[in-house]
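Participant: Can you read through this structure? Questions will come right after.
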Amino acid sequence: MREYQRCTNCVMDTTDSKIVFDEKGMCDHCHNFYENIKPNWHPDEQGKKQLDEIVEKIKREGKGKKYDCIIGLSGGVDSSYLAYYAVKKLGLRPLLFACDTGWNLNVAVQNVEKITKGLDMPLYTEIVNWNEMRDLQLAFFKAQVPYQDIPQDHVIFAALYNHATKNGIKYVLTGGNNSTECVREPNEWVYQNDIRMIKDIHKKYGTVPLKTLPMCGMFKAHLYYKYVKGMKVVKPLDLIPYTKADAIATLQREFGWEPYANKHFESVFTRFYEGYWLIKKFGYDKRKCHFSSLILTGQLSRDEALHTLEQPPYDEKAAMEDLEYVAKKLGLTKDEFLEIMDQPNRTYQDYKNTSKMIAFAVKMARLVGLEKRQYR
């Protein structure tokens, strides 16, 4: 078994089984940031010029239309700030899009309402079929894979992309950014949006036909929608000075927006999955990636990150309450859920998948400069 080691520069460690350290103890995530991401990331005048050109094109092509773009709004800091910046600073006319998968916390719902009303922008909420959503999520738990966020993430992005193309909205603005996400979570922690694996897991463990649940595989999204339907995904936050603390301060001042304890904690399911289940069952703590991104971009000290990592993501009592809530909502007793949790761990390799094709696609994206983060 590999001896435990933690990066001397960020807080990534050997819970990422493929991490590589140099002679000074710095990891390859850090080297990738300094060598590939930072030199090609321009939240400066160069980025502003590029963003101005994109915005001018969005406005020109959206002239006479009800909306000139669409923004997925979760209530989290990135998407909320993006909506604010797009409307107030860029003068765009987005349709704000929310997807209700049945798990959002009240604070997330309230944040969406505050942003929508404060900007006086229209909001479309797609409510997915709960029986189908529940069945797919339960199938993933039974499959024993780490990536329990795949069903919900897949449905949210599929709903957004499908709605955009169906309604002729060409530009999809997302809150993805290097500032808070430059360290990609290892593939063994967070596998890609592999629709072949999703269908195989559901075929093995699901019971409810997925007739209405939004679906959209990587190749449909990145090839058919892009080159046939003309959909363009834009990440404005990568082209402006963007820091988490400043964004939160702005949102609180402008809208009375409320922050969450951790990134992605706007959902009960995600809070429990990332804050308890993933750590207890697999030993993977996503905060290491999130904090490392903030360390590399100068928003958090390594000492602060290490101190926070000594504490669990949230209170044990609250975690147990979430466990019972999640189990009940999925149609299980607490004991039945714990029994599933105790089964042997598995990975995407135990199911039909398109990992080789996805890896090749990411490699091509890196070669042409569309992706700078490591993929492994």
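The values are calculated or read from the model by the stated rules, or taken from the named source; none is laboratory data. Since the structure is predicted, the reported quantities are computational estimates derived from the model, not experimental observations. Here the Cβ positions follow ideal geometry from the backbone for every residue, glycine too, while neighbour counts run over all protein chains shown.
Participant: Within the stretch 342-363, count every residue that is of a type outside the set (Phe, Trp, Tyr) and modelled with pLDDT of 90 or more.
Facilitator: 10
Participant: Can you name the helices (runs of 4 or more DSSP H) wholly within the stretch 225-309 that have at least 2 residues being over 26 Å from Ile70 (Cα atoms)?
Facilitator: Output list reads 268-272, 278-282, 287-296, 302-309.
Participant: A follow-up question, please. Please give the number of the condition Phe269 fails out of (1) farther than 30 Å from Lys38 by Cα; (2) surrounded by fewer than 18 Cβ atoms within 10 Å (Cβ to Cβ).
Facilitator: The one condition Phe269 does not meet is (2).
Participant: Assigned to a loop (DSSP other than H, G, I, E, B), of a type in the set (A, V, I, L, M, F, W, C) and over 20 Å from the mean Cα position of the chain (by Cα): is that true of Val208 in this structure?
Facilitator: Spelling it out, Val208 is indeed assigned to a loop (DSSP other than H, G, I, E, B), of a type in the set (A, V, I, L, M, F, W, C) and over 20 Å from the mean Cα position of the chain (by Cα).
Participant: Something else now. Within the stretch 260-274, can you find the residues that are modelled with pLDDT of 80 or more and touching a Leu at 6+ places or on another chain (Cβ under 8 Å)?
Facilitator: Across the stretch 260-274, the qualifying residues are Ser267, Val268, Arg271, Phe272.
Participant: Could you tell me which residue of the stretch 1-18 is farthest from Glu185 (Cα to Cα), considering only residues that are among the aliphatic types (A, V, I, L, M) and touching a residue at least 24 places away in the same chain (Cβ under 8 Å)?
Facilitator: Val11
Participant: Oh, and also: Kindly evaluate Glu35 against the criterion of being surrounded by 11 or more Cβ atoms within 10 Å (Cβ to Cβ), in contact (Cβ under 8 Å) with a residue 40 or more places away in the chain and not hydroxyl-bearing (Ser, Thr, Tyr). Steps first, please.
Facilitator: On the way: surrounded by 11 or more Cβ atoms within 10 Å (Cβ to Cβ): yes; in contact (Cβ under 8 Å) with a residue 40 or more places away in the chain: no; not hydroxyl-bearing (Ser, Thr, Tyr): yes.
No: the conditions fail for Glu35.
Participant: Test Ile201 against the stated conditions and say whether it is surrounded by 17 or more Cβ atoms within 10 Å (Cβ to Cβ) and touching a Gly at 6+ places or on another chain (Cβ under 7 Å).
Facilitator: no
Participant: Looking at Lys49, Lys65, which is the one that is under 18 Å from Pro241 (Cβ atoms) and either under 22 Å from the mean Cα position of the chain (by Cα) or at pLDDT 95 or above (or both)?
Facilitator: After ruling out the rest, the residue left standing is Lys49.
Participant: When you scan the stretch 41-52, how many residues do you find that are in a helix (DSSP H, G or I) and farther than 14 Å from Leu92 by Cβ?
Facilitator: Residues that pass the stated criteria total 6.
Participant: Here is a list of conditions, (1) closer than 13 Å to Thr212 by Cα; (2) without any contact (Cβ under 8 Å) to a residue 40 or more places away in the chain; (3) not hydrophobic (A, V, I, L, M, F, W, C), and Lys166 meets all of them except one; can you say which number that is?
Facilitator: Only one criterion in (1) closer than 13 Å to Thr212 by Cα; (2) without any contact (Cβ under 8 Å) to a residue 40 or more places away in the chain; (3) not hydrophobic (A, V, I, L, M, F, W, C) is unmet by Lys166, namely (1).
Participant: Taking Leu136, is it in contact with a helix residue (DSSP H, G or I) (Cβ under 6 Å, 6 or more places away or on another chain) and either touching a residue at least 60 places away in the same chain (Cβ under 8 Å) or under 24 Å from Ile169 (Cα atoms) (or both)?
Facilitator: Yes.
Participant: If a residue must be closer than 27 Å to Ile340 by Cβ, of a type in the set (Phe, Trp, Tyr) and part of a helix (DSSP H, G or I), how many such residues does the stretch 145-170 contain?
Facilitator: The number of residues fulfilling the criteria is 1.
Participant: On to the next question. Does Lys220 count as surrounded by 17 or more Cβ atoms within 10 Å (Cβ to Cβ) and without any contact (Cβ under 8 Å) to a residue 60 or more places away in the chain?
Facilitator: yes
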